[in-house]
Amino acid sequence: MIGVFDSGLGGLATLKDLMRELPGEDFCYYGDNAHAPYGTKPVEQIRALSFACTQFLLDKGCQVVVVACNTASSAAIDAMRAHFSVPFVAMEPAVRPAARLRKQGRILVLATQATLRQQLFQARIVECGIQQAVLPVPCPQWVELIEQGFLHTSQMEQAVQQALVPYRKERIDVIVLGCTHFAHIRPLIEREARSLWPQAQVIDGNEGTAHQLSRVLHRAHLRTGRTQGGAVQLYTSGDPAVYLPRMEALLHS
Ligand code: DGL
């Protein structure tokens, strides 16, 4: 069984892509909704929470763990790999693909404060030689609204506008969704982006993560060989009566 966790509901967008790529595999998803958001927390706390999520999934019998959270991945992946013996698949903002897609304009990276602050993100930008082109945009309010189930509301729309409009005079080529929560409001972000920068492309790391999981399973001889009929279990650290229906709805939307 493949374990997948996030601070809350964001990783369900990743899970959808994983299930599409590997429809015969069994998945177990853990949303740490009781402790979301992670993105505004200190790194030590994000690490401790990520360890607890991983332990939860291992106790359920998972043999591989996908960290479907850019924040947890950037704060804790090295420590988790050193501590646990299972293979991990981590996520990070899709900076490399963005650098390839960029023309003369700039790249907006929408993510949490914690991700944007991390060494991993800074190093990636330097590696791609795009320090001058990247505009990091923390969007903590978006995570809160998505967790509260306000995806299709005027509040959400306003929050997206408020974050993007200050950059309207820039020429933006690529918008990176560097937080898994944001994939749930991708159509809204795309609509707003089209009106501000008609040429901009919106990208996320979900598909790349699905391919990476496939490679990791193959390498660790963990593929079941089934091509359909995989099962999925959903768990939350929050109130199941509140979060499980939201999780089901997002997974099947
Ligand atoms: N979904 C998470 C990410 O990809 C973090 C959201 C949060 O808890 O702040 O970074």
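Derivation of every value follows stated rules applied to the coordinates shown; laboratory data play no part. Keep in mind that this is a model prediction, so the values were computed, not measured. For neighbour counting, all protein chains shown are included, and Cβ atoms are generated from backbone atoms with ideal geometry for every residue, glycine included.
Miscellaneous remarks
- For the chain, size of Cβ-based charge dipole, Lys and Arg +1, Asp and Glu -1, in debye: 820
- Reducing segment 182-220 and segment 5-66 to their Cα centroids gives an inter-centroid distance of 18 Å.
- Span per principal axis, largest first, for the Cα atoms of the chain (Å): 51, 40, 38
- The fewest-to-most ranking of R117, R81 by surrounding Cβ atoms within 10 Å reads R81, R117.
- Per-peptide average of other Cβ atoms within 10 Å, ordering 144-157, 177-190, 88-101 highest first: 177-190, 88-101, 144-157
- Most fluctuating residue given options A36, A72, A159, as computed from a GNM of the chain linking Cα atoms under 10 Å: A159
- Residues F84, F121, F27, ranked from the fewest to the most other C-beta atoms within 10 Å, line up as F84, F27, F121.
- Sites listed here are trypsin sites (Lys or Arg not before Pro) in segment 186-233 whose DSSP assignment is loop and whose Cβ has at most 16 other Cβ atoms within 10 Å: R223, R226.
- In segment 58-156, inverting the average of 1/r over every pair of distinct C-alpha atoms gives 15.4 Å as the Kirkwood radius.
- Signed unit charges on C-beta, dipole axis of segment 84-168, positive-most listed residue V109, Q158, F88: V109
- Top positive-direction residue, dipole computed over the chain with Cβ charges, set F51, Q199, S74: Q199
- About its Cα centre, segment 55-199 has a charge dipole of approximately 560 debye under the convention of +1 per Lys or Arg Cβ and -1 per Asp or Glu Cβ, with nothing else charged.
- Computed over Cα pairs, the Kirkwood radius of segment 166-253 leads via Stokes-Einstein (0.692 mPa s, 37 °C) to a diffusion coefficient of 200 µm² per second.
- Relative intensity of segment 115-166 on a log10 scale, I(q)/I(0) at q = 0.19, 0.21, 0.29 Å⁻¹, equals -0.74, -0.79, -1.04, per a Debye sum over C-alpha point scatterers of equal strength in the absence of solvent.
- Computed label-point distance, nm, for sites D59 and A241 using a 7 Å Cα→Cβ extension: 2.3
- Residue-span extension gain [H221 to Q161] - 0.36 nm each, minus C-alpha spacing: 17.0 nm
- Theoretical FRET efficiency, 1/(1+(r/R0)^6), r = Cβ-Cβ of E44 and S85, R0 22 Å, to 0.05: 0.45
- Label-point separation in nm, R191 to A231, each point 7 Å along Cα→Cβ: 3.9
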